[in-house]
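Notes follow the structure.
Each value in this text was obtained by applying a stated rule to the coordinates, not by laboratory testing. Predicted model only: the values in this text are computed from it and were never measured. Ideal geometry is used to build each Cβ from the backbone, glycine not excepted, and the neighbour counts take in all protein chains shown.
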Ligand code: NAD
């Protein structure tokens with residue numbers, strides 16, 4: 001392309017959810033002029049007034065500083081975004097489709113189409129959402145059809161690896177940057193969006209578009225596989241009386257294996273891993289290489305079986321019949337330090353317990369509003385004490401510090417029976433047993 005490189009590009013960030021809001025705020029923090037765009041008026045109004053509409057440590061403070069600097073604003077107006085920015089980051093959702101394992105691409109397509117209709121000068125559209133391989137090529141064609149003739153618009157893919165709960169540090173100091181580009185111009189222009197990070201020697205891998213799309217789903221598939229691997233071992237442990245927590249520890253000292261993501265328990269959930277491995281397996285089949293990643297279906301099944309196994313252990317603790325049992329469910333978010341309940345194992349377990357007639361009370365430090373909205377049929381407590389009061393069984397489902405720090409003796413005085421299921425291998429089993437609790441955990445023997 002003959003378009004000049006802009007040293008300090010102005011940016012739009014389209015889609016201001018967990019990923020987009022974080023990206024917009026961090027880019028403004030790095031000194032760029034940024035406009036965040038979303039179709040959700042409430043979200044835009046909240047962000048513009050200095051309120052982050054989800055839980056992410058440190059982000060509210062950074063938002064207010066960025067707004068005060070005058071470098072960040074939010075709008076629902078795509079014409080404004082097209083006019084105000086040189087580089088446009090696409091950060092909208094790519095959830096699982098309602099009727100198939102595929103990714104639902106309607107939000108990406110709508111965002112890119114609406115933007116493209118207003119573009120009238122050189123622009124770089126940078127996808128950050130997690131998408132099926134081939135999306136960037138498809139969007140390139142779409143943009144060419146929509147953008148006014150003669151407008152130099154290019155597509156790039158810059159997958160995002162941030163973790164909720166660590167979103168700021170993962171954005172400002174990522175483990176690596178991946179630039180999927182189809183021209184030197186795109187590579188150079190994208191580099192100018194991350195000048196400070198590249199100067200700080202964040203590793204950069206420049207790839208073609210397909211590889212960049214693949215990196216993200218390959219990374220998530222690997223992480224999901226590692227979790228399901230140790231949970232498969234937990235199933236074997238359950239059949240043999242072996243202890244998966246000792247097994248995991250012994251494996252972890254092998255530096256080729258490593259201990260991270262080798263934690264047995266209730267398994268993975270959230271708005272990324274489950275839908276990403278399903279969409280990847282589906283896309284691989286479309287591409288004729290379904291067999292290469294057929295194991296991802298097993299990874300998914302192993303993961304889902306852990307939720308049923310947790311219900312089995314709770315049922316076992318109340319003599320095989322959950323009807324009328326009072327169950328305290330600690331946690332709703334898919335992981336601690338997040339209020340995200342998308343595909344949350346915790347709420348899945350709570351729902352299954354209730355379906356068998358248990359009286360279920362849920363408490364989570366941050367995810368209560370989201371949980372109530374998604375599962376209004378469950379009962380909710382205002383705090384930990386209220387949740388466990390008179391419980392027949394306590395089930396730890398999300399390993400918030402507030403739960404793992406709780407004193408087993410004090411907790412024991414509140415419940416009706418001292419029985420606990422540690423769905424996350426996060427509690428001190430000895431401390432609970434010493435305090436008279438019947439302690440159970442996935443993949444560990446009942447009586448060690
Ligand atoms: P999210 O649901 O929190 O946010 C998506 C946002 O896009 C919403 O605010 C929605 O209103 C908005 N949106 C929908 N259609 C739009 C349109 N046409 N124009 C403008 N905005 C529109 O989702 P998220 O968690 O931020 O995920 C976004 C993408 O990033 C997904 O592809 C996800 O897989 C990927 N990702 C997420 C994370 C994470 O930790 N959440 C990490 C890495 C990658």
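Go ahead and set up a Gaussian network model of the chain, Cα springs under 10 Å, then flag whichever of 98, 275, 128 fluctuates most. Its mean-square fluctuation being the largest, the pick is 98. Could you tell me whether segment 233-274 comes out rounded, prolate or oblate from its Cα gyration tensor? Rule is a ≥ b ≥ c as square roots of the eigenvalues, rounded for a/c under 1.5, then prolate if a/b exceeds b/c, otherwise oblate. Oblate. When shorter helices are ignored and each DSSP H run of at least 4 residues is given -39500 (n - 2.57), the per-residue value for the chain at 222 nm works out to -13000 deg cm²/dmol.
Spin-label pair residue 312-residue 48: with each label point 7 Å from Cα along the Cα-Cβ axis, the two points sit 5.4 nm from one another. Taking the DSSP beta bridges with both ends in the chain, the antiparallel portion is around 5 percent. Compute the Cα gyration tensor for segment 199-251, then decide on rounded, prolate or oblate, letting a ≥ b ≥ c be the square roots of its eigenvalues: rounded whenever a/c is under 1.5, prolate when a/b is larger than b/c in the other cases, and oblate in all that remain. Taking the square roots of the gyration eigenvalues as a ≥ b ≥ c, segment 199-251 is oblate.
If the chain linking residue 409 and residue 196 were pulled fully straight, counting 0.36 nm for each residue of separation and taking away their Cα-Cα distance, it would gain 71.6 nm. Relative to the 2.2 N^0.38 Å rule of thumb, segment 30-99 has a C-alpha radius of gyration ratio of 1.20. Using only the Cα atoms of the chain, build the gyration tensor, take square roots of its eigenvalues as a ≥ b ≥ c, and label the shape rounded, prolate or oblate: rounded if a/c is under 1.5, else prolate if a/b is larger than b/c, else oblate. Verdict is prolate for the chain.
Paramagnetic label reach from residue 183 (point 7 Å along Cα→Cβ; backbone nitrogen cut-off under 16 Å): within segment 84-113, residues 86-88.
At an R0 of 22 angstrom, the distance between the Cβ atoms of residue 207 and residue 260 translates into a FRET efficiency of 0.35. Model label points for residue 152 and residue 297, set 7 angstrom from Cα along the Cα-to-Cβ axis, are 4.8 nm apart. Site pair residue 7 and residue 385 shows an inter-label distance of 6.1 nm when each label is modelled 7 Å from Cα along Cα→Cβ. Of the residues 146, 230, 341, which exhibits the maximal mean-square fluctuation in a Gaussian network model of the chain defined by a 10 Å Cα contact cut-off? So, out of 146, 230, 341, the one fluctuating most is 146. Based on alpha-carbon centroids, what's the gap between segment 361-412 and segment 235-255 in Å, whole number please? Computed from Cα coordinates, the inter-centre distance equals 28 Å.
Taking R0 as 51 Å, what FRET efficiency do you get between residue 401 and residue 117 from their Cβ-Cβ distance, rounded to the nearest 0.05? Present the calculation step by step, with values, prior to reporting the outcome.
Numbers: r = 48 Å, r/R0 = 0.93.
For R0 = 51 Å, the calculated efficiency reads 0.60.
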